[in-house]
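> Take this structure, written in structure tokens, and hold onto it; I'll ask about it next.
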Amino acid sequence: MTPPPSNEPIRILAVAGARPNFMKIAPLMHEFARRPGRFQPILVHTGQHYDKAMSESFFTDLGIPEPDVNLGVGSGSHGQQTAQVLMKIEELLLERKPHAVLVVGDVNSTIAATLAAVKLDIPVAHVEAGLRSWDRKMPEEINRVLTDSISNWLFTTEPSAEENLVREGVPREKIHFVGNVMIDTLLTHREQARKLDTVERLGLKPHAYAVLTLHRPSNVDSAGQLVRLFEVLGRLNRELPVVFPIHPRTANAIEQNLGGRKPDLHLTDPLGYLDFLRLLTDAQMVLTDSGGIQEETTALGVPCLTLRDSTERPVTVTEGTNRIVGTDPDAIETAISELRNGKKPKGRRPALWDGQAAGRIVDILERDLAGKDAGST
Ligand code: UD1
């Protein structure tokens with residue numbers, strides 16, 4: 001890998017593909033823009049998520065520049081989706097010859113772009129490295145382990161991540177504890193979101209509703225599990241409205257598994273970033289199987305019940321407001337009544353979740369790439 005001559009900007013090819021990537025890539029793109037002449041970012045959207053509500057609205061809400069390239073891969077099996085990104089991004093890397101590739105999170109686009117780059121001897125920076133659920137049935141866990149094992153810079157959000165990486169044999173000098181770029185985005189947009197009338201528009205009152213998100217295969221792919229979950233959540237909905245913005249994957253699963261029968265909840269289409277942040281801010285509780293929402297509720301100090309058996313983000317439990325309750329309906333119901341009876345976790349915002357993570361990352365990339373042999377990092 002040839003380093004950029006000192007008078008040439010560092011070309012970074014930044015990759016985003018699916019909804020949870022967009023809030024992570026946004027502050028990094030803004031940070032590159034703050035250093036004109038030193039960086040020349042090339043933003044690539046793989047097209048893994050393509051619906052307006054899953055993609056375009058995030059670019060608008062977060063002021064992310066229009067992607068330089070959209071690979072348009074769309075949906076498909078894991079093999080197909082990953083292979084499409086791998087093939088298309090390899091071509092692009094050969095054409096654009098970036099000095100480094102920047103990937104975020106743990107989606108199929110993340111591992112595919114990483115693999116294409118390292119085989120071309122282009123170093124990769126992985127933002128949100130080292131998280132482990134220890135559940136290899138989750139496609140995201142496979143994506144995390146593989147991406148981390150071949151990346152050159154591993155930017156971590158919490159102390160557990162460094163421990164995991166060291167245990168896997170990653171040299172410490174590759175690991176950089178920088179904080180959480182997703183929380184950069186949250187802190188930047190919190191005031192703007194507070195001014196929205198999302199809560200009222202949905203016919204709700206602040207602190208008198210719950211927010212639900214579900215999309216993991218473990219929750220939505222089995223008809224039995226979906227029915228049991230909706231029974232418990234339907235009971236909660238009779239006391240406290242449960243707002244449920246439906247991910248397209250879940251909408252498909254409901255269509256197939258429940259014969260189109262709608263759950264007894266406050267259903268909405270997927271929301272944009274700002275509307276969803278507004279909704280989270282004033283929720284009495286949040287129930288989710290998402291990764292990122294566990295972190296956002298911790299940053300906001302809102303109680304979160306995670307409907308999974310594990311978390312790759314333990315700091316949200318040890319320091320934040322998150323509780324892992326599993327997927328058993330009785331356990332979920334018990335945890336809900338505890339929260340309703342005022343047993344609320346007192347959390348604090350974890351170290352370095354301070355809105356400055358993107359700046360730290362870009363500082364390190366600049367230090368390591370400007371006029372140096374990037375391959376030696
Ligand atoms: C992906 C990520 C997951 C992340 C989630 C957030 C992987 C392995 N998974 O899961 O980590 O938490 O995004 O949303 O990368 N679909 C649409 N429109 C879209 C996108 C998807 O209708 O814009 C439907 C399609 O039917 C598709 C299904 O949703 O088959 C699943 O999409 P996919 O990108 O494969 O995975 P997600 O479940 O969204």
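The values are calculated or read from the model by the stated rules, or taken from the named source; none is laboratory data. This one's a predicted model, so the numbers in the text were calculated from it and none came from an experiment. Cβ sites come from the backbone with ideal geometry, for glycine too, and all protein chains shown count toward neighbours. Surface accessibility is based on the protein's heavy atoms, side chains included, excluding ligands, DNA and RNA. Shrake-Rupley method; radii C 1.70, N 1.55, O 1.52, S 1.80 Å.
> List the pairs whose first member sits in the stretch 45-73 and is of a type in the set (Asp, Glu), whose second member is within 9 Å of the ligand (Cβ to nearest atom), and whose Cβ atoms are under 8 Å apart, counting only residues at least 6 apart or on separate chains?
Close Cβ pairs (under 8 Å, with a partner that is within 9 Å of the ligand (Cβ to nearest atom)) amount to ASP51/PRO248; ASP51/PRO270.
> What is the residue count in the stretch 247-268 for residues that are of a type in the set (A, V, I, L, M) and touching an Asp or Glu at 6+ places or on another chain (Cβ under 7 Å)?
1
> Go through (1) touching a residue at least 40 places away in the same chain (Cβ under 8 Å); (2) assigned to a helix (DSSP H, G or I) for ALA331 and report which single condition fails.
All conditions pass for ALA331, except number (1).
> Quick check on this structure: which one of PRO303, PRO263, PRO345 is over 15 Å from the mean Cα position of the chain (by Cα), open to solvent by 20 Å² or more (accessible area, probe 1.4 Å) and either in contact (Cβ under 8 Å) with a residue 12 or more places away in the chain or under 16 Å from PRO241 (Cα atoms) (or both)?
Sole residue among the options that is over 15 Å from the mean Cα position of the chain (by Cα), open to solvent by 20 Å² or more (accessible area, probe 1.4 Å) and either in contact (Cβ under 8 Å) with a residue 12 or more places away in the chain or under 16 Å from PRO241 (Cα atoms) (or both): PRO345.
> Name the residue, out of GLU239, GLU200, that is outside the structural domain of ALA26 (by TED's automatic domain parsing), touching a residue at least 60 places away in the same chain (Cβ under 8 Å), away from the ligand (no atom under 16 Å from the Cβ) and acidic (Asp, Glu). Steps first, please.
Values: GLU200 fails: touching a residue at least 60 places away in the same chain (Cβ under 8 Å).
Matching residue, one of GLU239, GLU200: GLU239.
> Could you please let me know if GLU158 is in contact (Cβ under 8 Å) with a residue 60 or more places away in the chain and within 12 Å of the ligand (Cβ to nearest atom)?
Spelling it out, it is not the case that GLU158 is in contact (Cβ under 8 Å) with a residue 60 or more places away in the chain and within 12 Å of the ligand (Cβ to nearest atom).
> Exactly one condition in (1) in contact with a Ser or Thr (Cβ under 8 Å, 6 or more places away or on another chain); (2) surrounded by fewer than 20 Cβ atoms within 10 Å (Cβ to Cβ); (3) not hydroxyl-bearing (Ser, Thr, Tyr) is false for ASP330; which is it?
(1)
> Select from the stretch 51-88 the residues that are of a type in the set (A, V, I, L, M) and surrounded by 15 or more Cβ atoms within 10 Å (Cβ to Cβ) and list them in ascending order.
Here is the first cut: in the stretch 51-88, the residues of a type in the set (A, V, I, L, M) are 53-54, 62, 64, 69, 71, 73, 83, 85-87.
Listed by number, the residues that qualify are ALA53, MET54, LEU62, ILE64, VAL69, LEU71, VAL73, ALA83, VAL85, LEU86.
> I would also like to ask the following. When you go through (1) part of a loop (DSSP other than H, G, I, E, B); (2) under 21 Å from the mean Cα position of the chain (by Cα) one by one for PRO27, which number turns out not to apply?
The number of the failed condition is (1).
> From THR281, THR268, which residue is in contact (Cβ under 8 Å) with a residue 40 or more places away in the chain, under 21 Å from LEU62 (Cβ atoms) and touching a helix residue (DSSP H, G or I) at 6+ places or on another chain (Cβ under 8 Å)?
The conditions single out THR281.
To keep it simple, each residue is scored yes or no on (1) more than 16 Å from the ligand (Cβ to nearest atom); (2) crowded, with 17+ Cβ neighbours inside 10 Å; (3) without any contact (Cβ under 8 Å) to a residue 40 or more places away in the chain.
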position: ASP121; (1), (2), (3): yes, no, no
position: HIS126; (1), (2), (3): no, yes, yes
position: ARG132; (1), (2), (3): no, yes, no
position: LYS137; (1), (2), (3): no, no, no
position: THR147; (1), (2), (3): no, yes, no
position: TRP153; (1), (2), (3): yes, yes, no
position: GLU168; (1), (2), (3): yes, no, yes
position: THR185; (1), (2), (3): no, yes, no
position: HIS189; (1), (2), (3): yes, yes, no
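> Suppose we filter the stretch 203-236 for residues that are within 16 Å of the ligand (Cβ to nearest atom), open to solvent by less than 10 Å² (accessible area, probe 1.4 Å) and modelled with pLDDT of 95 or more; how many remain?
Count: 3.
> Here is a further query. Can you tell me which residue within the stretch 38-54, out of those that are within 16 Å of the ligand (Cβ to nearest atom) and in a strand (DSSP E or B), is farthest from LEU365 (Cα to Cα)?
Among residues in the stretch 38-54 that are within 16 Å of the ligand (Cβ to nearest atom) and in a strand (DSSP E or B), the one farthest from LEU365 (Cα to Cα) is HIS45.
> Oh, and also: Report whether or not HIS266 is within 17 Å of ALA18 (Cα to Cα) and either in contact with a Pro (Cβ under 8 Å, 6 or more places away or on another chain) or within 12 Å of the ligand (Cβ to nearest atom) (or both). Outline the logic, then answer.
Working: within 17 Å of ALA18 (Cα to Cα): no; either in contact with a Pro (Cβ under 8 Å, 6 or more places away or on another chain) or within 12 Å of the ligand (Cβ to nearest atom) (or both): yes.
Criteria not met by HIS266.
> Looking at ASP264, is it closer than 28 Å to ALA129 by Cβ, among the acidic types (Asp, Glu) and not in a helix (DSSP H, G or I)? Outline the logic, then answer.
Numbers: closer than 28 Å to ALA129 by Cβ: no; among the acidic types (Asp, Glu): yes; not in a helix (DSSP H, G or I): yes.
It is false that ASP264 is closer than 28 Å to ALA129 by Cβ, among the acidic types (Asp, Glu) and not in a helix (DSSP H, G or I).
> Okay, moving on. Just checking, how many residues over the stretch 226-247 are among the aliphatic types (A, V, I, L, M) and assigned to a helix (DSSP H, G or I)?
Count: 6.
> Quickly run through the stretch 258-291 and pick out the residues that are among the hydroxyl-bearing types (Ser, Thr, Tyr) and touching a Leu at 6+ places or on another chain (Cβ under 8 Å).
THR268, TYR273, THR281, THR288
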